[in-house]
1. Please go through the range 204-216 and give me each residue that is in contact with a strand residue (DSSP E or B) (Cβ under 6 Å, 6 or more places away or on another chain) and not β-branched (V, I, T), ordered by number.
2. Taking the range 1-53 only, how many residues are of a type in the set (K, R), closer than 28 Å to A110 by Cα and either assigned by TED's automatic domain parsing to the domain that holds D115 or assigned to a helix (DSSP H, G or I) (or both)?
3. Please find, among A190, A128, A184, the residue that is closer than 23 Å to L60 by Cα and of a type in the set (G, A, S).
4. Do we find that A184 is closer than 20 Å to A82 by Cβ, surrounded by 19 or more Cβ atoms within 10 Å (Cβ to Cβ) and not aromatic (F, W, Y) in this structure?
5. Any chance you could count how many residues in the range 150-175 are out of contact with any strand residue (DSSP E or B) (no Cβ under 8 Å at 6 or more places or on another chain) and either farther than 24 Å from T85 by Cβ or in a helix (DSSP H, G or I) (or both)?
6. I'd like to check something: does the range 192-203 contain any residue that is modelled with pLDDT of 95 or more and assigned to a loop (DSSP other than H, G, I, E, B)?
Amino acid sequence: MGSRPDFSYVAKLMGDPSRAAMLDALLGLDGLPASELARKAKISLQTASGHLAKLVEGNLVNVEKHGRHRYFRLASTEVAQALETLTVIAPPAKISSLKDSSRSNRIRLARTCYDHLAGKLGVSLTDAFIEKGYLIEQKNDFFVSDKGERFFCDFGIDLEELRKKRRHFARKCLDWSERRYHLAGSLGNAVLLRLLELGWIEKLPDRAVGLTKKGQSGLYELLDMKADE
C-alpha cells in the first residue's frame, strides 16, 4: 500500500455528492464564492464552508482573498483533468425537467472545461485545426505544424510565450459528451481567451458557452466551419 500514491484519499474527497457538485461548478473559467458554491450544491453556507475546507486541505481547491471576499478555484489543471476523466466514465445525469434538458443541451453544445473550450464546438474547432493541417495528433498531445505556427500567430496568439509556461502546451483532452478529443493545455486556453476577446463566443450560466453571430461568420471565414458543425 505504501508503494503507491493513496488515490483513495482523493477519491473520497471527490466522492461526496455535495463536494462533487462544487468541484463540477469550479470547472468553469472563473472562481466562485462559497455562497454560490453552496447554492449550486443545494446545501447551506455553513455546510459548504466545511466541505470547502476539506477540499482546500486536500489540495484540490485553492482560495483567493480579495478584500473581504474569498473566491475558490481548482488547485491545478491536473485536478481539472481528473474531474473531466471521471465524467467520461460516469453514468449520464438524470434529466427530470425541461430546465434540466435545456441546460444539458447547452452544456453539450459548448462549455468551458476548466480553462479551455469543450463540447461539440470545442471538438469541431479542434477537428478544423487538424483538417487544415495546423495541428497533428500525437499520443497524448497535439503537435503544431509550421503551417499552424503561422496560423496561430496571425490569429493573435504568441506561441513562444505559451511554451514558456510550466504546463502542457497542446494537450489532448477527452470530451465527455462527444467522446472525442478537444484541445487543452496553454494553447487551448489561449484559443478560448482569444475567441472571447474577439466576441466570437460568450460565457453563459453553468459553464455553458454561446457562439455569437460574429463568431459564426468569423469561424466560417477563418476555418470554413459552419454554425451547425
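1. L204, R207, A208, G210, L211, G215
2. Summing the residues that are of a type in the set (K, R), closer than 28 Å to A110 by Cα and either assigned by TED's automatic domain parsing to the domain that holds D115 or assigned to a helix (DSSP H, G or I) (or both) in the range 1-53 gives 3.
3. That would be A184, the only listed residue that is closer than 23 Å to L60 by Cα and of a type in the set (G, A, S).
4. Considered against the rule, which asks whether it is closer than 20 Å to A82 by Cβ, surrounded by 19 or more Cβ atoms within 10 Å (Cβ to Cβ) and not aromatic (F, W, Y), A184 comes out as yes.
5. The qualifying residues number 13.
6. yes
For every residue, the table says whether it meets (1) closer than 22 Å to L29 by Cβ; (2) without any contact (Cβ under 8 Å) to a residue 60 or more places away in the chain; (3) of a type outside the set (A, V, I, L, M, F, W, C).
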residue: L121; (1), (2), (3): yes, no, no
residue: G133; (1), (2), (3): no, yes, yes
residue: F155; (1), (2), (3): yes, no, no
residue: S177; (1), (2), (3): yes, no, yes
residue: L192; (1), (2), (3): yes, no, no
residue: L198; (1), (2), (3): yes, yes, no
residue: K203; (1), (2), (3): yes, no, yes
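The values are calculated or read from the model by the stated rules, or taken from the named source; none is laboratory data. Please read all numbers here as calculations on a predicted model, not as lab measurements. Heads up, the Cβs are rebuilt from the backbone with ideal geometry, glycines too, and the neighbour counts pull from every protein chain shown.
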